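The values are calculated or read from the model by the stated rules, or taken from the named source; none is laboratory data. Bear in mind that the values here come from a model prediction, so they are computed numbers and not experimental data. All Cβ positions, glycine included, derive from the backbone under ideal geometry; neighbour counts span all protein chains shown.
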Amino acid sequence: MDLFDAIALGLVQGLTEFLPVSSSAHLSVVGQLIGGDDPGAAFTAISQLGTEAAVLVFFWRDITRIIGRWAQALVGRIPQSDPDVRMGWLVIIGSIPIGVLGFVFQDFIETDLRSLWLTATMLLVFALVIYAADRVARTERELRELTWTHGIIYGLAQAMALIPGVSRSGGTIAAGLFMGYTREAAARYSFLLAIPAVLGSGFFQLAKVAEDPVPPDWAAIWVATGIAFVVALAVIAWFLRYISTHNFTPFVLYRIGLALVLFALLGTGVLQPR
């Protein structure tokens, strides 16, 4: 991977991680088109550390407040019913499904699930899921109304993002809309819920890659991660403003168009399934 590839993949990661279009699908496709190969699950997980750092910066006040009040509740200084304390527990509980499934099916995720045929299919299927969620959404609930049951459902929806093409934000936001949450509330919880999963996956892959006898191109990885951070920070701010007054139809149409293009490129041999 040369510097140009790293810059391109960093831009793609930053632009697509928090939009409901699947960053892993885009990295797989762009990786083949510019470098002849899928950058792989390890590169994807590590570069996501950059985009997740953007979440930490953007939501820093919320995150530190939630962690602080959650810690105070552990020692009995404030009640467990406090909204921030509940949010802390909900993020922890909602992170369990993706953590368990990601660990158990790690090898399968890094091999068979990275087929572009499956990716294209999931882009299309979840375009329809997001469209349906957007149409039936009551958009009445706010995050303070998040229940334990809904937190678990959010977590299961996030776990589906282990399949490239689903989209972490797409799956969790669709689940939130089906449960009646506003678009902005669904997106905010989606971003917060991703923090433990993405950081855990990224640092786990870092440890694995560090033990590899053939060292990766660390310079390229960190360039891509840094670019992803800067771009993602701008995308988060834009996306939250956008969905406060718009629906998800443009993203649905984009996913359908991308899926059809992928099917065509795979069918003609321009792209390889793996």
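Remarks
- Residues being within 18 Å of Ile195 (Cβ to Cβ), not aliphatic (A, V, I, L, M) and not in a helix (DSSP H, G or I) - total across segment 129-168: 1
- Search result, residues across segment 217-274 that are over 17 Å from the mean Cα position of the chain (by Cα), surrounded by fewer than 16 Cβ atoms within 10 Å (Cβ to Cβ) and among the aliphatic types (A, V, I, L, M): Ala219, Leu253, Ile256, Leu260, Val261, Ala264, Val270
- Inter-residue pairs, beta-carbon under 7 Å, first in a helix (DSSP H, G or I) and in segment 231-243, second acidic (Asp, Glu) and loosely packed, with under 13 Cβ neighbours inside 10 Å, 6+ apart: none
- Hey, Leu123 under 21 Å from Gly14 (Cα atoms), at pLDDT 90 or above and out of contact with any Phe, Trp or Tyr (no Cβ under 8 Å at 6 or more places or on another chain) or not: yes
- For the condition within 21 Å of Thr51 (Cβ to Cβ), part of a helix (DSSP H, G or I) and of a type in the set (Val, Ile, Thr), Val261 does not qualify.
- Among the conditions (1) touching a residue at least 60 places away in the same chain (Cβ under 8 Å); (2) loosely packed, with under 14 Cβ neighbours inside 10 Å; (3) under 30 Å from Val261 (Cβ atoms); (4) of a type outside the set (S, T, N, Q), the only one that Asp107 does not satisfy is (1).
- Count of segment 166-184 residues which are crowded, with 22+ Cβ neighbours inside 10 Å, of a type in the set (A, V, I, L, M) and touching a Lys or Arg at 6+ places or on another chain (Cβ under 9 Å): 2
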